[in-house]
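The next block holds one structure in the form of structure tokens; read it before the comments.
The values are calculated or read from the model by the stated rules, or taken from the named source; none is laboratory data. Just so you know, these numbers come straight off a predicted model, no measurement behind them. Here the Cβ positions follow ideal geometry from the backbone for every residue, glycine too, while neighbour counts run over all protein chains shown. Protein only, heavy atoms only, side chains kept; ligands, DNA and RNA dropped before computing areas. Shrake-Rupley method; radii C 1.70, N 1.55, O 1.52, S 1.80 Å.
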Amino acid sequence: MSDSHDAQPLWHGRFAEGPAEELWEYTLSLPFDQRLARFDIRGCRAHVAGLGVAGILSPGDVEAVEAALDTTEAELASGEFAFVDTDEDIHTAIERRVTELAGDAGARLHTGRSRNDQVATAFRLFCKEAVATIAERVVGLQEVLVRRATEAGDAYLPGYTHLQQAQPVLLRHHLLAHFWAFSRDLDRLADAHRRLDVSPLGAGALAGSSLPLDPVANAERLGFASAFANSLDVVSDRDFAAEILFDFTMIAIHLSRIGEEIVIWSTEEFGFVRLSDAYSTGSSMLPQKKNPDIAELARGKAGRVIGNLTGLLATLKALPLAYNRDLQEDKEPLFDTFDQVRRGLGAVAGMLDTITFRTDRMAASADSPYAAATDLAEYLVRKGTPFRDAHAIVGAIVRRSLDEGLELAPLVEAETRLGAEAAALLQPGVPVTMRTTAGGAGPGPVETQLAAARTQLETDRSTAASLSR
Ligand code: ARG
């Protein structure tokens, strides 16, 4: 902090000397925790109400602090709020301003409160809103997937294992596979939200207070489902942040898997999709290029958010009870992951909403007769051949076809155990219709699945809406 400034941090009383420049520069959190401003103000309002009820602040003082909080909030929202050198974090900045505005009454605001319960309160409120925002965006993407799946009709493409063609699948089946992953993500968010929904306000620095404060009433004022059970635990608990970081990271990983597919599908070689202009980028040098940058960043940013998650876990490891300044490191990873995943969900939803599926290319690729090899083997099974033998019979025909450059269909027809009926299975569009088991890739089960996905989407939509209440 500059020597020219004679203002002091809020905790200056015990100190004969002001803080060193290096200490300040290193420990300052204001540049990033300004994002908690709105939530800190809410915490202040709840706390000042509690002080009023307890008779620690007179009604006049409560009113003065509330008015100062209104002004402070308005200044913060409009950008007029003037930070000063001694504002160490957003919490001290707000208290400093409230004291400037409300004088003595303002100086009573921090009664029975510590930054430790204050920070934990504001951070949990932020996280609750972040979870609701991400949940809304997840549902937005699920809606796109269901709509595109509905439109996809009976289009089919090769299904892959090891990125080698395996069996054809309906395009809707493929799109819905991603839908279910996001549905699990939503369920995880709702579950994490329950543990997030606990108010730390009233825990003080670590042990509570001698003043007649009521943490349960504070929890109600702040819209938390409950108050803490243990003050030591709640001021040092960041499980909630680690948990939602994981949940957001899982979403980022799901986005990255879609991203990788779109990168592959949009290549000249695959040509399964064409990206819309608004959701692709050009090359600065190569005029013909249209690049899948959203898809690539969905892949790339997953690495970054995994780093944020493991970073926070490492911060929390082996921390003794209760608050330690290490915990200040909880915010940046969470803010960053929240921003990246929020934007990623929007960008990928837009990309998929406007992408063109080149179903002719998909079908042409899936119509390779080799994709029907399993159907031939299962044909033999239906005729009584043990599957292992059937696998060998079909495998030998496939090998011969490949080695000798012969078409598969005539070889199948010529094989006495197979014949014309089996060869008909190689016809374009036939193999995909052969998957009839529940949850499988054929038209019957996928129709059922699509209906189930629509029902699930309704559930997910109301789950997401309930999180923002
Ligand atoms: N900016 C700090 C944080 O985010 C505030 C807490 C400081 N508390 C303390 N006892 N020094 O964690």
Quick one: Leu213 ticks every box in (1) open to solvent by less than 50 Å² (accessible area, probe 1.4 Å); (2) within 28 Å of Arg124 (Cα to Cα); (3) touching a helix residue (DSSP H, G or I) at 6+ places or on another chain (Cβ under 6 Å); (4) part of a helix (DSSP H, G or I) except a single one, so which number is it? (4)
Within region 127-169, work out how many residues are among the small types (Gly, Ala, Ser) and either in contact with a Phe, Trp or Tyr (Cβ under 8 Å, 6 or more places away or on another chain) or within 16 Å of the ligand (Cβ to nearest atom) (or both). 5
Only helices (runs of 4 or more DSSP H) wholly contained in region 1-81 count here; list those with 1 or more residues that are open to solvent by 70 Å² or more (accessible area, probe 1.4 Å), within 16 Å of the ligand (Cβ to nearest atom) and farther than 27 Å from Gly112 by Cβ. 21-27, 30-33
May I ask you to verify whether Val98 is open to solvent by 30 Å² or more (accessible area, probe 1.4 Å), more than 33 Å from the chain's Cα centre (by Cα) and at pLDDT 95 or above? no
How many residues are in a helix (DSSP H, G or I) and open to solvent by 80 Å² or more (accessible area, probe 1.4 Å) when one looks only at region 216-234? 4
All but one of (1) buried (at least 19 other Cβ atoms within 10 Å of the Cβ); (2) in a loop (DSSP other than H, G, I, E, B) hold for Glu269, so report the exception by its number. (1)
In this structure, does Pro320 turn out to be over 24 Å from the mean Cα position of the chain (by Cα), within 16 Å of the ligand (Cβ to nearest atom), surrounded by fewer than 17 Cβ atoms within 10 Å (Cβ to Cβ) and not in a helix (DSSP H, G or I)? yes
Do we have any residue at all in region 323-331 that's under 23 Å from Glu268 (Cβ atoms) and open to solvent by 70 Å² or more (accessible area, probe 1.4 Å)? no
Looking only at region 109-125, filter to residues that are among the basic types (Lys, Arg) and assigned to a helix (DSSP H, G or I); which one of those is farthest from Ile90 (Cα to Cα)? Arg124
Criterion violated by Thr315 - all others in (1) touching a helix residue (DSSP H, G or I) at 6+ places or on another chain (Cβ under 8 Å); (2) among the β-branched types (Val, Ile, Thr); (3) away from the ligand (no atom under 16 Å from the Cβ) satisfied: (3)
Report yes if some residue within region 101-108 is in a loop (DSSP other than H, G, I, E, B) and at positive phi; otherwise report no. yes
Consider Val381 against the criteria (1) without any contact (Cβ under 8 Å) to a residue 40 or more places away in the chain; (2) over 46 Å from the mean Cα position of the chain (by Cα): it satisfies all of them except one. Which criterion is unmet? (2)
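One line per residue, one yes/no per condition, for (1) of a type in the set (Lys, Arg); (2) open to solvent by less than 50 Å² (accessible area, probe 1.4 Å); (3) modelled with pLDDT of 95 or more:
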residue	(1), (2), (3)
Leu125	no, yes, yes
Lys128	yes, yes, yes
Glu136	no, no, yes
Leu145	no, yes, yes
Ala149	no, yes, yes
May I ask you to list the residues in region 196-248 that are closer than 26 Å to Leu345 by Cβ and among the acidic types (Asp, Glu)? Asp197, Asp239, Glu243, Asp247
Could you give me the residue pairs with C-beta distances under 7 Å whose first residue belongs to region 101-121 and is open to solvent by 20 Å² or more (accessible area, probe 1.4 Å) and near the ligand (Cβ under 9 Å from one of its atoms), whose second residue is part of a helix (DSSP H, G or I) and among the β-branched types (Val, Ile, Thr) wherever it lies, and which are 6+ apart or on separate chains? Asn116/Val235
For the list (1) assigned to a helix (DSSP H, G or I); (2) open to solvent by 50 Å² or more (accessible area, probe 1.4 Å); (3) of a type outside the set (Ser, Thr, Tyr); (4) at pLDDT below 95, I need the number of the one condition that Asp353 fails. (4)
Selection within region 164-196 - touching a residue at least 40 places away in the same chain (Cβ under 8 Å), surrounded by fewer than 19 Cβ atoms within 10 Å (Cβ to Cβ) and not in a helix (DSSP H, G or I): Gln165, Ala166
Residue set Ala278, Ala252, Ala241; condition in contact (Cβ under 8 Å) with a residue 60 or more places away in the chain and surrounded by fewer than 15 Cβ atoms within 10 Å (Cβ to Cβ); output residue Ala278
So Arg124 fits all but one of (1) touching a strand residue (DSSP E or B) at 6+ places or on another chain (Cβ under 8 Å); (2) within 12 Å of the ligand (Cβ to nearest atom); (3) not β-branched (Val, Ile, Thr); what number is the exception? (2)
